[in-house]
Structures are given as structure tokens and as C-alpha cells.
Amino acid sequence: MRKHVIAMVMVGGRGTRLENITKTTAKPAVPFGGKYKLIDFVLSNLSNSNIDTAGIITQYEPHELMSYIEHGSTWDLDVNQGGISFLTPYTTYNGDLWQKGTAHAIRQHFRYIDQHNPDYVLILSGDHIYKMDYNKMVDHHVKVGADVTIGAFQVQKDASRYGIIETDVNQRVLSFEEKPKNPKSSLASMGIYVFSKDVLKQLLDDEYGEHFDFGQDIIPLALARDKHVSVYRFNGYFRDVGTIDSLYKANMELLDNPQFLKLHEYVDFPIYTKSSNLPPHHIGKKCIVKNTMISDGCLILGDIYHSILSERIIVEDGALIRDSLLYPDVRIGEGSTITNAIVLEGTHVPPESRFEFAEPTVLDAERIAEGGASS
Amino acid sequence: MNNMLAIVDATFKDNLDQLTLHRMPGALPFAGKFRLIDFTLSNLRNSDITNVAIFPYGNYRSLQDHIGSGKRWDLDRRRDGLFILPPKNLYIVPGNMITFQRMYEHIEYFRRSNQEYALITAANIVWNIDFNDVLAEHLTVGADITEVMYENIRLKTFILSKKLLLDYILSYDSLEYRNVVELVEKAPNLRTHIYKHQGYTRTITDSFNYLKSNLDMLRFEIGKSIFKDDYPIFSKEKTAPPAKYLSNARIDNSMVSSGSIVDGTVINSVIGRDVTIRKGAIVKNSFVMANSFIEENAHLEYAILDKQTVIKEHTLVTGTLRRPYITQKEQIVTNQERQRILFVASESYPFIKTGGLADVIGALSRNLGRLGIDVTVIIPLYSKIKDSFQESLRREEGRSILYDNEYFFIRKYSYRYKKVKYYFIESHDFFDREDVYNYPDDVDRFAFFNKAVVDLLDDFEPFDLVHIHDWHTALLPLLIDNSKHQGLKTLLTIHNIDYQGVASADIIKKLGVTNFIFRDEYINMLEIGINTATKLSTVSPTYKEELKYEYYGKNLTYALLNRERDFYGILNGISSSLNPDTDKLIHTNYNRNNLELKAENKAYLQQTMGLAVRADTLVLGMVSRIVEQKGFDLILHSFDDLLNEHDVQFVFLGTGDASYTAELRNLERRHPDKIKLNIGYDATVPNYIYAGADAFLMPSRFEPCGLGQMIALKYGTLPIVRDTGGLADTVFKYDPITKKGNGFKFFNYDANELKHTIIEAIHIFREEPDVWTQLMKRAMKSDNSLKRSASRYIDLYRAIIEN
């Protein structure tokens, strides 16, 4: 059966600015909101959009992600025709095909697209936080008769961090600048695209340098060739959590502004995540737990304020946690105080230690070895 | 590769009342996000068992939905895997364990499986066990059957070779044991072994241990022994974000599941998924199931909230650990105002009585009044009531009632009796007669009564619910729906299904109902009530189940099956004045702590009856109407043998059918020194028998509720009963392995089974006096009080009114 739309999801990003958080895992596998991983959002969006065919393009530290996604059954993507395919770098007759840039990666795996021969290809990224029905964007693409459609959102500040788009009244893109010093507008690319398949093939077949990307190379080329490049404005909540600070903020928004992502209203548009057979968490006697989210399998004997806890965390007696993110399997020893930390998976904080930071700071075994600190 | 197949028994019945009205026990939520069957299925999975057959009973949709293909427990396999094997035979009423007969229905499953051993276990056990350890021990000791027990709890879990099991299944119709439990107890030639499981284990059979074991999970050492890292408990995957605590949350020793939002106080409680607890609300010692909503300043204690319950703001809901407050799915609990309940019946004690119905109406309404319910009772004013109560009744206004295109005059009389408001309807045309029933125009009389009551509703403050009883009042829901009181809720209680009020169809026209669809030239008034009442009930949980089978439910089986989800069973109770410690009629008062005084009552009974006064002879008592239903065929067919071979005395009190009476007299003549009949209720007082006998006989063919066994229990006289109806719900069979129980039961309506059960009782009585004493004490502790019965009705009223 021929597919109308298939998705290509980039999950190879290293996320260098996330420091040790992505030391051994790809950015899309970074925990979020207690029990999620970043990749859950794009896969849930696909599921909720009834798009059941997706190529997952991996590169950096793919193991954790691949074993997490498996056949995609968590997101109902384990269908008989289509479903999830992992597209890994491979070796050919012509030599190694290490992926160099997002567009380069798609070109390498174009055989996958040809195999399904869809009308439209959706290019997505595995590390964004948003709830989006992609059909609306594809519908827009079809309706305006575009060759390429860029998903875009309104930025509040730091517009120079994004690809900035200038459009005419008909949402047709006039110019596109990646990370401009002087942004011409506040309309930024989300880094997601709909391409008519044949247009995508044409554009990718061009001559490029060593390394080529959608934002840097393909979109400017499309504009230069006078292709119809349109914009689909997404008005929902959208975060690209590329830095420690933005990752921390997006997490805390779940507590402070639950109306943004509406995580607890999940009936119509659920975000699926793989569940891990844990009993509900247990909060012991006389603990204070306020403005906090706690996942399954935790045992809480200390006090927690304004924090998000992943699964299987133990907080021992008398520990005090404030304004922090705790990743799975963290153990906080008796009487320890943690403030403003992102405590990485499996970290054991020894008893009676103090890690109080002025700014969100990653706390892992390495950092603990440097000794308790307060600032 | 594992060499065991597993049979998961989900056929048994339970005492979980409304919690299992919509689901099987296996599908009950547990510890927030699990279902009971998750424990058994996960244990099977962790024991590498890959061939699992679940035998469900009743409504297994919810279970099916939960289990799916069994993937969660690695049971979606090419070879073997998960099988759900529903009943093929509609006539098997659930017992205490899956029968060989039930397995025989799916004999091909057993034949096709190639495992060498069979594990039988149940869907309602909370535990964590490796069945390989059981099999290893089974093989080491070389047993035929190994039973798994935890402390003194039998878990209905067994291992035996498949070959042996097949032998029993294939010969099920010639065996005297129906299931493995009975087999282990009775089969003398089997090498049985008991495997003692260590680690927390509970079988969930009633609302007390359901709440208790949920709260047990809050004790670390218990929780840890159930939820182990290396033996995980798997459950269906659900999508919910982590639980969230807002700024007013206060949590003390509680488990909270995903998706919940807590802004109130939670103490010692287990909270399911997606529960909202608002600011100021307090949840204490409770189990709250998924999607419930607890509004501001509501207060819960010892409550089990079924899914999607809403507790409105400022509502106080309290139960006790022994008797938790239980809501029904989707119930909206508001601040409890005084419920206004209207009883409509054909008779009520103390004004008029022809049978048990009058006792129930009188006692239940009085006890409801005591528990704070505003109760009004309406019955017809028969001549007999006029004769005895005329002066006390207050004459009220009259009214004309249109019936069959004619106006009939009625007048209302009122009387206040122990917090209950009674109204009597006078009608010279219909009720001014000598007797209550047995007139050719009975159907017209009671149809008219229904019409009069509906018209009279205009005069009363609105009621919250109308509780109607038997066919005499069964047209009320239909009439209410065709009146301006449409929407008023009704509960129809079936006390006696034998009388149904079959009438010619023009009764409906006489009542002025025009939109009725006739299927026949006759109507069945009880059936119309069953089809139209808001909810239905009968007088015991087991009888409720039995009525769904034609043997008991007769022509109304299918009408009742259609209302299965609205059908409840609530036991009647006995008056608190029936107490051996205070009963003025008996020879010597006694209680649980001076049981030796009961012996004086026994000696007195033996003496009065002219029987040999011997302490070590078992005295079997019976107080009963002499009718076929009460099991006299079994007595007449087995007592000659029994009395010839065993030392036992039989004292009977009752009256009734002439031919049975004659046969009983013949029996007495053959055993003059062992039987004493008192025919006719004047001969002696029943209390002598209840106090003086050692055991009390009720071998009924069917028994909707039964009061005799309740009185016997209260007096420490162990009931010997057939396992049916209310007898099944109040008498717990003596278990020779755990020494638990409060009486003796047999299942088949069979003279031989009766005889063997009496012989078993004689044996315990003579050989194990300490065990007998324990059983007596346990019997006397049973609570079958009217108060308990009335409070169950109050819960049901609440659930009906609030839904």
C-alpha cells in the first residue's frame, strides 16, 4: 500500500551544549518531565497524527534510543506495513557513509523513501517538546500547493539562535536566514519540514560540499530555484531544549505553567512513554512534597519542593531537594541538600552532602567527586 | 523451557458485593495501578510458564480488556501462550473453586498441551512466588498433589501431573469430588503434600481484606516482598504523566499513581491513576481508584472509591476497616442529607403478617429508621388491621382513584411506629376483606393498590427512592414513569420469585397506561417490575447468582440476566433480641465465654423431648416449614441408615405438607429413641432447639436467604446446610486442613452427601471437641444482624440515588 506521508526523524544529534547529560546518550534520549524522553514527543505526535511510517535516522550513541524505541509498540507504530525503521550509517561499495549534516543523512537513506514512495515527506527532529498534529501542516502544504513547507513558531527572544523567516501575506517565504545577527522577523523555523517527495529528491541531488543541512543549504537552494516555500505557523507550545538552561526551564514550566503543555490533560492527545512495571511511588511519614512531580517506583522519605523526579529514585530521611530535576535511579543520601541541580541517571549523592547551586547545574558522579559545594 | 501448564481459576464467587458487579475479582484494581490478576500472571511469567488458560466466569469483558493478547506477560506466543476459556454450560453456578466439569468443557485444551505438570492457581491472590520452587518440592517429595499454603491460608493453588488431572477431568461425572480442594480433603489414596510459601500472601475475597491488603502495601517490608526487582509485577501499559503535588499538598505514608494531581491531604492511603484531590480535602486510610475526583474540603476515611467516583465538596464519607465505605463506579457522593425512602408492600409486621415478607418489611423499615433514614411504609388496610388497630390509626383525607374507567374511593390512615411512618390505604372495594390474598381478583386488587400509591405520591413531600417488594407492588415503576413523578428512582426486591402476578393484559389498560408494548395476552407483573425498576435486589448474593440460572430463576431467568448489572444481593438479618446471653425463653443463658452452659440447654432439650440425656450424643435440630423446598426428601432417604449406624438424636419442630409429615412420623416410629418430632408450632418454642441442639439442619433445595441458620450460628449451634442461596453466604464450610469455618456444607442435592456431611460433623463433635468449640465460637461471632442488613440497603439506596 502506498503511503501518503512518511516521516524521517533525525535522532543523531549529539547535543554538545547539554554537557554530561548527553555524554553517553543521544539527545532525544534525554529524560524530560519525570517519565518521558524527548523522543516521546515526536513519536507520540506521529501516532496522534496517524502517520505510521517513520525512518529513525541514528548516528550518535544510538544504542539506548534503539533499545528504547524497539518496534515502536509503545506509540502504536508497530504496524504490518511501514512502522519504525532504524536508518543507521552504513558502509557501501563507495566507502563509509558517515552522515554529514541533516540533509546529507536524508540523501543517504533516500532508498527508504523510495521504497514507500509517499507523496510527502515529513522531516522531523527527535529532540523537540511540542504536541502537534502534523496533518494540519501537510494539509496546509497541499492546499497552498507548496513544494516545501517550513513549520514555524513565534519566538519571544533570542531570535538569533534560530532560523528566521520572512514571508509575504500569503505565508510564502521570501527569505530564510540561519542564526542571523540582525533578525528580520520573530518567526523562527522549528526545524521541521514537509517536502513534496519529488522536490526533495531534486534538491538533494544537487552538488554540495562535505557537509550539508536543511537550514543552511536546502531551504536557501529551494528559494534560489524559485520553489514554492511556504510557512505553516504553529501556535502551540514549542521548545527546542538545546542548552542546560532551556532544558531546565522547559521542565520547570510543567510545574509553573501546566497550561502550556497540558501534560495532565492527555485524553485527546496523549504523550506515550514506555512504562516500566513499577509500583506507584511511596511517600513516607511526615514528608513535605510541594509543587513537585514524582514518577513511579520512587521512595520518598525527605522533603521536596518544586522539583521533578524520574523513576526509581530514593530520597532518604532528612534529605531536602529544591528546584531540581532528578533522573532515574538517583539516590539522595540522608540529610543531603540539593538545590538547582540536574542530577543525572544513577547518581548516588552521599549522606549529609550539600549541592546548592545558584544556576541549574549538572550533578553526576564526576561532579560529586569534586566535593560538596555551595555557592 | 518449562514443563508446567497453568490454569488460572477465575470462576469462583466472592463477597465483594458491588465491587464485582461490573468486573470479575481478577480485574479488581490493586495498589493503585495494578489489577489482581497481574500478580498471578506475573508470577507465571517469572516462573517461565508459557501455557496459561484462564477460566473466567460471568462478566469477563473488563478482564479480557486488561489482559489483551497477554503480551505484557510474554504470553503472546506461536506455541502455547494465553487462552481465555469461557463457560460453555450456562447451568454451572460458581462455587469456591473451578470444577473438573468446568475443565472438561475445554478438554481439548488439556489434550493439546504437551507439558507434563499442571499448576492450578487463582486470579485473586496478591503474592510473589516462583512456581518452579513448588514443582521442585513436589518432585522431591514424590507427591501426587502438592497444595500451596501461606501460614494458615489455603490458596487454591495446586501442582499435579497433567496425566492425573486428565484422569479426574475425564471421569468428572462419576467422582464424588467436584474440584481439587475436595479431592485433597477426601481422596484417601493420594499422596498429598503442602508447600509452605513464605512471604506476604493474601487472597482477596471480601471488602475488608481488599482494603486491608491495599493498605498493607504501605508497609515497606511488605511492599518490598511483593514488588521485587528481580521478580517484577507486570501490568497493562497506560499513559499518564507523573503524579503532581501542588502547593497545599500534605502526604503521609501513601502511594500515589501516575496522572494524579494532589493539592489536599493524603494519609495512609493508596491512590490510583488520574485522581484529583483538591485543596482542603482529606483522604485517610482509603483506596481511591482511577479517575476519581475529590473536591475541596471533602473528607474520606476507610473508604474504597470505585473508578470515576466524585466526592462533592464538604462531603464526609467514613467507614471502618472491617466495613469500608464503598462507592460504585461513577457515583457522585454528595453531602448526605437524610434519605427519604418510601416502602410499598402488601404486608408488614406488626400490622399484618402471612409470611416472611411481613417480617422483613417491619424489621427492615424499623432498622432503617434507627440508622437515621426517613422511612414511610404504605400497605393496604385489610379488615384484620382495622379490627386490631382501628382506634390507633389516624384518619386522613380521602381521594378518588381512576381504575378501569371508574372512580373508586380510598382513604388514607396513618400511624407512627418506632420512627417509621405508616400509611394504610382503605378501599371498601378491594381491601376490606377477611384475608390478605387468595381472591380471584388479586391481580386487580394489587394493580389498584399500585395505582392508588402513585396518585398518593402527589400528597407527600418528594421521596428519594421507592423501595418495592415482590409482584404486588411491581407495577409501580411503570406507573411512576407514566406519571408526573417520572424519574423517581425505584428498587424492586424479589423475596419470592414463585409468585409473579400473572394477569390478563387488559390490567395495563385499566391502569390508564397507553404506551405499553404487549408481547402476549397475559402480563407478568413481576417481570414488568424487573424490566422497569431502576435497580433490583434479592435477599442474598448467592441467590442473586442462582436466579440467573433456569433451575432457580425459572421463566424470569432471561429478564433477570438482562438486568444483571443492576441486580444486587443483600442478606436479611436477625433481630438483636435473638441472643443466647439474654434470651429469656431458654433454660440457661450463655455466651462465647461460658459455652459450657450451653450443655445445660442441651440436657434440658433432651429431657423435655424424652430423649436419653447424653452429652456425647450429637443432637441435630431442625425448625422448618414442612415443604419440599426444605430438603425433606434427602432426610427421608438417608436418616434410616444414618440413625441405624450412628449415635445421633434428631429434634424437629415444624408444620406443613401432610404427606411429608406422615412420612416423618413413620421415620420417628422406626427410631423412637432417636427422633422427636414436634409438629405444629405450639408444641415447643424454637429457641429450645436453637439453644439446646449441637447442630442445626437445613438441607434446602433452594433457600433465597434463610433465617434459621443465622439464629443457629448466633446460638453456637453449627449449621449443616446445602450450599445454596443465603445458606452459602452465611455458613462457611469446615476446612479440615485449616480448621476454619462455622458449619458444614454439601453441594449436590443428594441424600448420600447429606448423610456423609452429618457423619463428618459427628466425627468432629466426638473426636475433636476442641475444634468443635472453636467452630462454635466462630459461629457465634458471625454478624448477621438486622443492623448490618439495613446498612447495606442504605449504601445501595445511596448508590442508586447518587447515580
Task: Cβ pairs under 6 Å, 6+ apart, first in the stretch A:12-35 and within 14 Å of chain B (Cβ to nearest Cβ) and under 12 Å from A:Leu325 (Cα atoms), second at pLDDT 90 or above and in a helix (DSSP H, G or I) - done: A:Gly33/A:Leu254
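A quick yes/no check of all residues on (1) hydrophobic (A, V, I, L, M, F, W, C); (2) in contact (Cβ under 8 Å) with a residue 40 or more places away in the chain:
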site	(1), (2)
B:Asp641	no, yes
B:Asp657	no, no
B:Glu668	no, no
B:Asp673	no, yes
B:Asn687	no, yes
B:Ala691	yes, yes
- [ ] From B:Gly26, B:Gly32, grab the single residue that is within 14 Å of chain A (Cβ to nearest Cβ) and either among the small types (Gly, Ala, Ser) or within 24 Å of B:Glu116 (Cα to Cα) (or both).
- [x] B:Gly32
Open item on the list: Can you pull out every residue in the stretch A:1-30 that is more than 14 Å from the chain's Cα centre (by Cα), under 30 Å from A:Asp139 (Cα atoms) and of a type outside the set (A, V, I, L, M, F, W, C)?
Closed with: A:Arg2, A:Lys3, A:His4
Task: Looking only at the stretch B:234-245, and only at residues there that are touching a helix residue (DSSP H, G or I) at 6+ places or on another chain (Cβ under 9 Å) and surrounded by fewer than 18 Cβ atoms within 10 Å (Cβ to Cβ), the one that is nearest to the other protein chains (Cβ to nearest Cβ) - done: B:Glu237
Task: For B:Leu585: the one exception among (1) in a helix (DSSP H, G or I); (2) not assigned by TED's automatic domain parsing to the domain that holds B:Ile720 - done: (1)
- [ ] Sort out which residues of the stretch B:47-60 are of a type outside the set (Ser, Thr, Tyr), more than 20 Å from B:Glu116 (Cβ to Cβ) and not in a strand (DSSP E or B), and write them in order of number.
- [x] B:Gly58, B:Asn59
- [ ] May I ask you to list the residues in the stretch A:241-279 that are more than 11 Å from chain B (Cβ to nearest Cβ) and touching a Gly at 6+ places or on another chain (Cβ under 7 Å)?
- [x] A:Gly242, A:Asn251
TODO: Name the one entry in B:Phe158, B:Phe220, B:Phe131 that is more than 32 Å from the chain's Cα centre (by Cα) and either in the same structural domain as B:Gly26 (by TED's automatic domain parsing) or among the polar types (S, T, N, Q) (or both).
DONE: B:Phe131
Task: Pairs with Cβ under 8 Å, 6+ apart, first in the stretch B:488-504 and at positive phi, second buried (at least 16 other Cβ atoms within 10 Å of the Cβ) and of a type outside the set (Asp, Glu) - done: B:Gly501/B:Val443; B:Gly501/B:Phe446; B:Gly501/B:Trp471; B:Gly501/B:His472; B:Gly501/B:Ala474; B:Gly501/B:Asn524; B:Gly501/B:Met525; B:Gly501/B:Leu526
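With respect to B:Leu475, determine if the residue is modelled with pLDDT of 95 or more and surrounded by fewer than 24 Cβ atoms within 10 Å (Cβ to Cβ). If you could, list the steps in order and put the result at the bottom.
Numbers: modelled with pLDDT of 95 or more: yes; surrounded by fewer than 24 Cβ atoms within 10 Å (Cβ to Cβ): no.
No: the conditions fail for B:Leu475.
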- [ ] Go over the candidates B:Ser62, B:Ser69, B:Ser47 one by one and state the one that is within 14 Å of chain A (Cβ to nearest Cβ), touching a residue at least 12 places away in the same chain (Cβ under 8 Å) and hydroxyl-bearing (Ser, Thr, Tyr).
- [x] B:Ser69
TODO: Sort through B:Val148, B:Val181, B:Val134 and tell me the only one that's in contact with a His (Cβ under 9 Å, 6 or more places away or on another chain), buried (at least 18 other Cβ atoms within 10 Å of the Cβ) and assigned to a helix (DSSP H, G or I).
DONE: B:Val134
Open item on the list: Looking at the stretch B:249-265, can you tell me whether even one residue there is among the aliphatic types (A, V, I, L, M), touching a Cys at 6+ places or on another chain (Cβ under 9 Å) and at the interface with another protein chain (Cβ under 9 Å from one of its Cβ atoms)?
Closed with: yes
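Taking the stretch B:627-659 on its own, how many of its residues are small (Gly, Ala, Ser) and part of a helix (DSSP H, G or I)?
Filtering the stretch B:627-659 for residues small (Gly, Ala, Ser) gives B:631, B:638, B:654, B:656, B:658-659.
Subset that is part of a helix (DSSP H, G or I): B:638, B:658-659.
Adding up the residues that qualify gives 3.
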TODO: Can you tell me which residue among B:Lys329, B:Lys418, B:Lys353, B:Lys412 is touching a Lys or Arg at 6+ places or on another chain (Cβ under 6 Å) and buried (at least 16 other Cβ atoms within 10 Å of the Cβ)?
DONE: B:Lys329
- [ ] Answer yes if at least one residue in the stretch B:267-284 is farther than 22 Å from B:Tyr302 by Cβ, at the interface with chain A (Cβ under 7 Å from one of its Cβ atoms) and of a type outside the set (A, V, I, L, M, F, W, C), and no otherwise.
- [x] no
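Condition (residue is within 23 Å of A:Leu38 (Cα to Cα), buried (at least 18 other Cβ atoms within 10 Å of the Cβ), in the same structural domain as A:Pro31 (by TED's automatic domain parsing) and not acidic (Asp, Glu)) applied to the stretch A:161-178: is it met by at least one residue?
The answer is yes; a qualifying residue exists.
Can you tell me how many residues within the stretch A:308-328 are touching a residue at least 40 places away in the same chain (Cβ under 8 Å) and either closer than 21 Å to B:Asn248 by Cβ or of a type in the set (A, V, I, L, M, F, W, C) (or both)?
Here is the first cut: in the stretch A:308-328, the residues touching a residue at least 40 places away in the same chain (Cβ under 8 Å) are A:308-311, A:323, A:325, A:327-328.
Retained after the next criterion (residues that are either closer than 21 Å to B:Asn248 by Cβ or of a type in the set (A, V, I, L, M, F, W, C) (or both)): A:308-309, A:323, A:325.
Residues meeting the conditions: 4.
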Task: Lone unmet requirement of (1) within 11 Å of another protein chain (Cβ to nearest Cβ); (2) farther than 20 Å from A:Leu38 by Cα; (3) surrounded by 19 or more Cβ atoms within 10 Å (Cβ to Cβ) for A:Arg331 - done: (1)
Open item on the list: All but one of (1) in the same structural domain as B:Phe746 (by TED's automatic domain parsing); (2) closer than 18 Å to B:Tyr690 by Cα; (3) surrounded by fewer than 13 Cβ atoms within 10 Å (Cβ to Cβ) hold for B:Val619; state the number of the condition that does not hold.
Closed with: (3)
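Report yes if B:Asp455 is touching a helix residue (DSSP H, G or I) at 6+ places or on another chain (Cβ under 8 Å), of a type in the set (D, E, K, R) and surrounded by 13 or more Cβ atoms within 10 Å (Cβ to Cβ), otherwise no. Spell out the reasoning first.
Details: touching a helix residue (DSSP H, G or I) at 6+ places or on another chain (Cβ under 8 Å): no; of a type in the set (D, E, K, R): yes; surrounded by 13 or more Cβ atoms within 10 Å (Cβ to Cβ): yes.
When the stated conditions are applied, B:Asp455 does not pass them.
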Task: Within the stretch A:280-312, tally of residues that are buried (at least 22 other Cβ atoms within 10 Å of the Cβ) and at the interface with chain B (Cβ under 7 Å from one of its Cβ atoms) - done: 10
Task: Yes/no for B:Phe220 being surrounded by 16 or more Cβ atoms within 10 Å (Cβ to Cβ) and within 10 Å of chain A (Cβ to nearest Cβ) - done: no
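Would you mind finding the one in B:Phe100, B:Phe34 that is surrounded by 19 or more Cβ atoms within 10 Å (Cβ to Cβ) and in contact with a helix residue (DSSP H, G or I) (Cβ under 8 Å, 6 or more places away or on another chain)? Give the derivation first.
Working: B:Phe34 fails: in contact with a helix residue (DSSP H, G or I) (Cβ under 8 Å, 6 or more places away or on another chain).
Being surrounded by 19 or more Cβ atoms within 10 Å (Cβ to Cβ) and in contact with a helix residue (DSSP H, G or I) (Cβ under 8 Å, 6 or more places away or on another chain) holds for just one of B:Phe100, B:Phe34, which is B:Phe100.
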Task: Residue check for B:Gln336: at pLDDT below 95, part of a loop (DSSP other than H, G, I, E, B) and within 22 Å of the chain's Cα centre (by Cα) - done: no
TODO: Look at B:Leu585 and say whether it is within 21 Å of the chain's Cα centre (by Cα) and touching a residue at least 12 places away in the same chain (Cβ under 8 Å).
DONE: no
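The values are calculated or read from the model by the stated rules, or taken from the named source; none is laboratory data. From a predicted model like this one, the values you see are computed outputs, not experimental measurements. Heads up, the Cβs are rebuilt from the backbone with ideal geometry, glycines too, and the neighbour counts pull from every protein chain shown.
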